[in-house]
Amino acid sequence: MKRKNTFLKSLIISVSLSILLTPGFLFYFSPIRNVSILAVILSVILLTLLFMSYRTQFLFKPYNSFSKINRITFISFYILFSIILMISSKGPQLYLSDNHPYIVIYVYLATFFVILTFILALAGILLSLKENSVSTVSRWKILIYALPYMMIWSIYLIAFFPAILSIDSMQQWDQAHVPYFHDWHPVPHTWFIMLSTSVWDSPAAVAAAQSIILSLIFGYCAYCFEKYRVNKIVIYLMLLVTAIIPVTGIYSVNLWKDVLFSAAILLFSMYLVNIIVSNGKWMSSKTNMLFFVLASYGLVFFRHNGFPVFVVTIFLLFIVFRLKLLRTYIVSAFIIALYFFIKGPVYNYLDVIPATQNEALAIPTQQIAAVVQESGKLTEEQRDFIDKILPIEIWKKKYNPYIVDPLKFDENYNADFIQDNKKEYFRTWLEISKQNPEIVTRAYLKESSLVWQIHNEPGTYFLPFLLRSDPQDMAIQRGIQHQIKNQTLTAKAQGLLAKTVQQPFYWMWRPALFSFAILLFVFILILKGRWKLILAAAPVMLNTAAVAISLPAQDFRYLYANFLVAFIMFLAACLGKKEIIKVEKN
């Protein structure tokens with residue numbers, strides 16, 4: 001009877017807290033009048049379940065063995081992390097401006113406590129998970145786990161047959177068929193297109209090839225974590241979510257180079273997990289070494305910022321492990337040598353046209369444009385210099401804070417002038433930045449918002465995906481326009497994807513959400529004493545940093561890797577506290 005009364009008391013308290021916090025939490029993201037009754041009910045139920053979970057103290061047991069300093073550390077992290085998530089997900093909130101200050105305070109406090117409650121619950125679950133018993137895992141599991149992806153993604157291929165090409169994809173398509181090579185788009189990825197179409201000359205061949213590759217990578221990741229005794233239910237849940245979520249579906253048929261580059265980061269990160277948990281013994285297999293080379297090849301060659309990401313990651317491994325990973329360093333040295341060999345003699349032999357630095361100048365270009373548009377401080381010398389790049393009036397007219405393309409691709413934009421005057425360009429940019437710190441900071445935060453902001457500013461440029469080849473006239477000229485195989489299927493697929501960019505689903509297209517998730521999982525790994533595994537997140541976080549300093553537009557594809565890697569870092573956070581030393585032969 002006493003236990004029943006205690007349960008009832010906890011239920012009443014949990015329901016009361018949920019009813020108290022839900023309106024404020026929902027009001028933080030949207031005018032309360034726009035919130036559906038269903039959203040309110042679901043929020044109350046979810047919060048009630050979370051609060052009830054604390055009643056059993058189950059989620060707090062993992063912290064009992066922590067020292068006082070460690071407890072202060074993790075509590076401080078959770079609080080700070082919750083505040084950062086609030087800032088990142090905050091919209092304009094104009095609807096709050098005419099409310100009483102006490103209402104605003106209530107909304108912010110309610111949101112903070114809801115986010116903190118969720119983080120504490122998630123962290124508690126990850127820290128409390130038990131491992132499966134040791135069992136032999138057949139390599140056939142890789143294919144078994146990959147098959148659902150292949151089947152689901154084949155539906156997308158039928159719906160958007162033969163595939164979806166952007167202007168970048170069509171330029172690579174041209175290069176693969178002439179052939180001539182321009183390193184504006186990484187040539188090794190163009191070679192992949194040539195290889196994929198050697199049997200079947202259709203974009204569908206490329207889409208099918210990249211779908212099979214990514215399916216097998218997901219299957220391999222699940223197979224590895226099952227070997228590492230991660231709870232099978234968790235693995236199956238990961239497989240289900242990543243297979244059915246529209247993000248992976250539509251990207252399986254988008255022929256951006258970023259898709260395979262992101263797949264390479266995913267596989268490379270998984271190999272890092274294998275190397276770390278085996279203390280380097282995983283690389284004793286020649287087959288493993290070969291596949292490590294293939295994953296490294298994709299990372300290094302499929303996007304221009306991949307090479308420094310690879311080099312810095314290997315350097316970090318050396319700092320932590322020193323000479324314990326000698327085989328890894330030898331193979332990495334081979335990759336570095338291969339990079340310079342292909343970029344040097346091979347490119348010269350093929351007469352590859354080198355890429356310009358124009359693509360990497362998005363941030364300086366946007367900051368200069370913001371200063372011009374906002375009539376910031378400019379000397380006559382500075383004004384004359386930037387006028388030679390692009391007429392001042394065009395800077396003002398075509399500046400869009402979230403995409404550099406209207407400026408960069410204007411017919412008057414003089415990229416050659418920048419190339420010929422690099423030192424003066426950077427000197428002028430730095431001087432303008434010093435003279436206008438507030439303007440250039442705002443410009444940077446807007447241009448890089450894809451990296452750090454979960455909320456998407458309404459009415460601003462943002463490209464989560466393409467639903468058809470664009471521009472269509474270029475596709476038609478190449479005979480690769482959309483062919484509707486099943487009208488109903490195509491319509492339903494387009495309708496589903498259209499809903500994903502609306503509230504509350506659009507968050508799945510914000511890479512910042514997955515970056516924060518990776519940081520949380522890294523912290524959990526540290527709490528579990530597996531701090532070395534944070535190196536598995538190094539490639540994706542280094543890639544994020546590279547994108548943050550050169551992002552040309554708010555395109556989800558640039559940080560698709562964050563979405564993919566978040567799931568294997570989640571599985572890594574589900575590992576037990578003891579080190580697992582396993583060696584996979586072949």
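The values are calculated or read from the model by the stated rules, or taken from the named source; none is laboratory data. Here the structure is a predicted model, which is why all the values come from computation and not from measurement. So basically every Cβ, Gly included, is an ideal-geometry build from the backbone, and we count neighbours across all protein chains shown. Ligands, DNA and RNA are excluded from the accessible area calculation, which covers all protein heavy atoms including side chains. Shrake-Rupley method; radii C 1.70, N 1.55, O 1.52, S 1.80 Å.
Things to note:
- Size of the range 289-351 from its Cα atoms: along the principal axes, largest to smallest, the extents are 41, 20, 18 Å.
- Percent of C-alpha pairs per 10 Å bin in the range 358-476, short distances first: 12, 42, 30, 13, 2.
- Protection-proxy order for peptides 14-20, 441-447, each taking the mean of Cβ atoms within 10 Å per residue, highest first: 441-447, 14-20
- Rounded to the nearest 20, the size of the Cβ-charge dipole of the chain about its Cα centre is 3560 debye, with Lys and Arg at +1 and Asp and Glu at -1.
- The 3J(HN,Hα) values that the Karplus relation (6.51, -1.76, 1.60; θ = phi - 60°) gives for the range 125-131 are, in residue order, 5, 5, 6, 9, 4, 9, 7 Hz. Gly and Pro appear as x.
- Projecting label points 7 angstrom from Cα along Cα→Cβ for residue 485 and residue 341 puts them 4.0 nm apart.
- Per-residue 3J(HN,Hα) values for the range 31-48, derived from phi via the Karplus relation 6.51 cos²θ - 1.76 cosθ + 1.60 with θ = phi - 60°, read x, 4, 5, 8, 7, 6, 4, 4, 5, 5, 4, 4, 5, 5, 5, 4, 5, 4 Hz in sequence order (x marks Gly and Pro).
- Spatial separation of Cα centroids for the range 496-548 and the range 207-254, in angstrom: 16
- Charged side chains reduced to their Cβ positions (Lys and Arg at +1, Asp and Glu at -1) give the range 88-187 a dipole of some 500 debye around its Cα centre.
- Taking the square roots of 5 times each eigenvalue of the Cα gyration tensor of the range 90-162, largest first, gives ellipsoid semi-axes of 45, 27, 5 Å.
- Inverse of mean 1/r across different Cα pairs in the chain, Kirkwood, Å: 26.2
- In terms of accessible area, using a 1.4 Å probe and ignoring ligands and nucleic acids, 339, 461, 228 rank largest first as 461, 339, 228.
- The chain - accessible surface per residue (Å², probe 1.4 Å): 47
- Normalised contact order of the chain, rounded percent, pairs of Cα under 8 Å and 6 or more residues apart: 20
- Using the alpha carbons alone, the radius of gyration of the range 47-112 stands to its Kirkwood radius in an Rg to Rh ratio of 1.11.
- Inter-part distance where the range 263-298 and the range 416-454 are each reduced to a Cα centre, Å: 38
- Placed amide H near residue 463: partners under 5 Å, 5+ positions off or other chain: 554, 555, 556
- With N the number of residues in the range 304-437, Rg(Cα) / (2.2 N^0.38 Å) evaluates to 1.43.
- With each label modelled as a point 7 angstrom along the Cα→C-beta vector, the residue 467-residue 49 pair spans 3.2 nm.
- Structural descriptor for the range 165-293: relative contact order 25 percent, calculated from alpha carbon pairs under 8 angstrom and at least 6 residues apart.
- Debye-sum result for the range 352-407 in log10 I(q)/I(0), which assumes one identical scatterer on each alpha carbon, at q = 0.17 Å⁻¹: -0.54
- At 0.890 mPa s and 25 °C, Stokes diffusion of the range 84-216 via Kirkwood alpha-carbon radius, µm² per second: 120
- Carbon/sulfur fraction of accessible area - the chain, other protein chains in place, 1.4 Å, %: 67
- Rg/Rg_globular for the range 450-497, with Rg_globular taken as 2.2 N^0.38 Å and Rg from C-alpha atoms: 1.56
- Protection-proxy order for peptides 202-214, 288-300, each taking the mean of Cβ atoms within 10 Å per residue, highest first: 202-214, 288-300
- Share of pairwise Cα-Cα distances greater than 19 Å in the range 1-109 is 61 percent (whole percent).
- The equivalent ellipsoid of the range 449-586 has semi-axes of 35, 19, 16 Å, largest first, where each one is the square root of 5 times an eigenvalue of the Cα gyration tensor.
- Neighbourhood charge, 12 Å Cβ-Cβ cut-off, centred on residue 521 and excluding it, Lys, Arg +1 and Asp, Glu -1: +2
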